[in-house]
Amino acid sequence: MSVRKAGSSHRARLSRRKKILGLAAIGVTITTTTILSTAYGALLPADPSPVLDLNTRETFDTGALMAQLCPAPRKKEYWTDVTYWFYDPVSGAIAEDEAKGTFLEKSSVELHAFEGHCEWPVTEVKDALGPAQQVSRPMVNCGDQVTLTESVTQSFSTSETYTTSVSVGGGFDITVIKDVLSLSGNADVTNSWSFGETKTISRAVTISVPARTKGHFERVPVIRSVVSQPVFVIEKNTLLNPDGKKGINGWEDSGSIRVTSPAFKTTSKADVLDENDFPAGTIRAQDAPVTSEDCD
């Protein structure tokens, strides 16, 4: 059986695809073997090659597709984290191949069985001031003339968040993300970034509070946002149908082995570190008049 190419008939079929991916399982019969296929590209990161924007050729929700394929990094050596999938070229739905490639004889309907790994190239980096945070206990001076001076300890923790443009489940290791972004060629971005660290930092400073005044220190952090548009790298793709199996070249035999969707992006936010490995940002004193409740 010849491999179907993208053409006018293919476009007509695409127009009938479902808009939302929601396949729990593909209800087809697959004849299996006991030979485990080998991911031939899993030893080193894939060589750079053009990336196919799935939005340019598909009518279904490609953001939802990429959210299933690449929800978050799970290993520092991301190119060894190979996953296995069945793809229905009519509906655009995918389902995970739990047998991990132990198959490849024939299917009752036309399916693509593919395997590969994800990459997380950084597409945007932005530093901005975060919301002010109180980092010391309050000092209250209820006197009428004397300025109160005392050493206080500022305490604060670094922060980190990981969000996606399409809702995905958990189950990933947040401490891996910084390493993956660094290995993707962005060590200069992540080396001065506290993402994935859970530590509390303290230091002592002196605050002077005038009469009839209350004061405290606050910190205005510098938060770095690192955005990635994940790419799935197809290491092997096979067409399955009632006539048997046949290897195909890239996504839907298009020749493209690296695919992505602008609809699916990830954003990691955390404190920027200064030259002393201390969270960057302005520390400033804030004061206000005391109230009767302060001095009761």
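Mind listing the phi-derived Karplus ³J(HN,Hα) values for segment 144-159, rounded to whole Hz, using 6.51, -1.76 and 1.60 with θ = phi - 60°, and x for any glycine or proline?
Each residue's phi maps through the Karplus curve to give 9, 10, 8, 8, 8, 10, 8, 7, 10, 9, 8, 10, 7, 10, 5, 10 Hz.
Kindly report the accessible area of segment 188-231 per residue (heavy atoms of protein chains, probe 1.4 Å, no ligands, DNA or RNA), in Å². Walk me through the numbers on the way to the answer.
Values: 1700 Å² over 44 residues.
I get 39 Å² per residue for segment 188-231.
Could you pull out every residue, at least 5 positions away or on a different chain, whose amide H is within less than 5 Å of the one on Gly244? Hs are placed 1.01 Å off N in the peptide plane, and Pro or chain starts have none.
When sequence neighbours closer than 5 places are left aside, the close amide H contacts are Ser107.
The values are calculated or read from the model by the stated rules, or taken from the named source; none is laboratory data. Only a predicted model underlies this, so the values are computations on that prediction, with no experimental measurement involved. Just so you know, the surface numbers come from the protein's heavy atoms only, side chains and all, with ligands and any DNA or RNA stripped out. Shrake-Rupley method; radii C 1.70, N 1.55, O 1.52, S 1.80 Å.
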